[in-house]
Amino acid sequence: MSEETAWTAEYDRTSETLRWLRDKRRGHRSKRNRDLGVIGYSLVLLAGGYGTTFVYRFAQRLEHVAAHGDVLEAIRRALPAGLVLLALCLAVIAARDALWRGPVIVPAPAAAWLLSQPVDRTRVLRPYFRLTAGLAVVGGVLCTVAGGVLLRLTGLSSLGTGLAACLPAGLCLPLLAVVLALQVERRTSLGARVRTWTPYAVLLLVVLVAQTGWAATGHRLPVLEQVELWSGPWGWAAQPVVHAAGGSASGWPVAVTLLVVLTAVAALYAHAVSATVPTRQLRARAATATTVASVMWSVELRAAKLAVSEALGHNGHASRRQLPMPRSKYLVVIWRDAVALLRAPGRVGGAALWTAAAAAIAGLAASLDGGSRVAAVVMALVLGYLAVGRLAESARLEADDLRRSSWSPFRFATLMLHHAIVPAGLGAVLACLAAVPFALNGAAWALLLMPVCALPFAAASVVAAVRGPVRSELLFIGIPTPFGDLSFFVFLFWYAAPLLISVTTLSFALEAVLTHGAGVGALACIVLVALALTAVLLLGASHLAKKLRRH
């Protein structure tokens, strides 16, 4: 039965069908509610036990830092561009999320069976839309409270004024994000445009990040800020907050009025058309969501990522970019990895963005001292690891299904070592480009240190690819201590071991350079450390690959 003829008033059986489903699901719903209650209780305990102390110390630290006049002014200058950046990030996330899930998502059995029955789609689908919109509003209210508290802690406004200023954004922006996601879910053509425009949207966000940092240092662009604040709902929502913080936003009442009217109209329209999502879209999203939920419970994060990536990356046509075939078999893996990246330029773009972020944090680390500098160095290295990891997808795909390696003229362990060459080389090139601004400012040693970090990161990415299936049994080995069971931390160490080993080793070496200066001896030492770490990680990758092949 087609979607157009699935329901008519003459053959309406919606009430009977939904009543029968409620009776059948009563036992399942009770069990699910108990499970959700246990999970919620556990999360509350974790948040109360660990989060309270962190939040308290963070609040104290923030209040202490904001007490300095220059920091307070820097925050005030950065608010216009920073708030627009956050609002646009929400829009991009909502649009991308709708490519695989969306605000109207029904359970797989309902998508496969219920929608093919003579039922009113409106009564079936609209409750799911209302549920998503309600949860979005709840999240927005929580963000409103957090925003008001942050404005109070930084001294930019009183608590009441801060809450009132954040409330329009907290209520309207989540609803507008849900409306945007619904349009992407309903219209296949709009989904294709989202995939096409995402790189440009990310580039815009990067520009806004740069503008925010530039404004914080005292180089504001007032005309551009006013254009951004009046360019759309992302700017309208920011104006009352900017005004409450003492910024220039005298027309904020008009902006709030525009925002509320637009949100009301958009929400009413979305509610009216929420039942028009094609059944094909609902079934595809239900299948993806079911896969993600099932593998998340088993902590198979890789499988969840693959399921989401498949939904996000489908655009109806595949790039056929090609490179000349190599004549030597020793270059065939490099050729395949290079062609794979050439056909998926988004990975290279993502690696470039992570590298730029790592370079920015590294520049901040050079101006700090003590524990703050160590934290900044670690953060920069983690971002560098993520950048190189984006380039190692071929190694992960090869390890996901060992049958893929049947084409290779090498043994599996050797093949996986070859997969580290392209990520290491391209990662080093990106790091060298990111180091150019440091060299122009007198830190020529960055041209050596930043690229050399790509070598152990590439080796660590291959180790992560061949470590085998997730060992969820580590969560239940039972290591009681006065501070609780440490099984989770054992599992976390196993999962993040390549990252932890590479970042920790390089952090000590880079901290020594920042502390004692970049002399010839110090540079030679860190190069030797990076090369030795790369060799150790490659040996580990070879051992794990052989073990994975045997099993």
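The values are calculated or read from the model by the stated rules, or taken from the named source; none is laboratory data. Treat the numbers as computed from the prediction; the structure is a model and nothing was measured. Using ideal geometry, Cβ is built from the backbone for each residue, glycine included, and neighbour counts are taken over all protein chains shown.
For the reader, a short list of remarks on this structure follows.
- Residue among Pro409, Pro437 that is in contact with a Lys or Arg (Cβ under 6 Å, 6 or more places away or on another chain) and in contact (Cβ under 8 Å) with a residue 24 or more places away in the chain: Pro409
- Scanning the range 341-382 for residues that are aliphatic (A, V, I, L, M) and in contact with a Leu (Cβ under 6 Å, 6 or more places away or on another chain) yields Val348, Ala351, Ala352, Ala357, Ala358, Ala376, Val377, Leu381.
- So Ala535, is it of a type outside the set (Asp, Glu), over 17 Å from Thr355 (Cα atoms) and at pLDDT below 90: no
- Residues being crowded, with 22+ Cβ neighbours inside 10 Å and closer than 23 Å to Leu204 by Cβ - total across the range 243-253: 1
- Near pairs, Cβ below 6 angstrom, 6+ apart or cross-chain, from the range 124-147 (of a type in the set (D, E, K, R)) to any residue that is assigned to a helix (DSSP H, G or I): Arg126/Ser274; Arg126/Ala275
- Residues of the range 534-547 classified as surrounded by fewer than 19 Cβ atoms within 10 Å (Cβ to Cβ) and within 15 Å of Leu415 (Cα to Cα), total: 4
- Only one entry in Thr257, Thr263 is hydroxyl-bearing (Ser, Thr, Tyr) and within 30 Å of Val106 (Cα to Cα), namely Thr263.
- Once the range 45-63 is narrowed to residues that are among the hydrophobic types (A, V, I, L, M, F, W, C) and either buried (at least 18 other Cβ atoms within 10 Å of the Cβ) or more than 22 Å from Leu159 (Cα to Cα) (or both), the residue that is modelled with the highest pLDDT is Leu45.
- Residues in the range 64-92 that are without any contact (Cβ under 8 Å) to a residue 12 or more places away in the chain and among the hydrophobic types (A, V, I, L, M, F, W, C) were compared, and the one that is surrounded by the most Cβ atoms within 10 Å (Cβ to Cβ) is Leu86.
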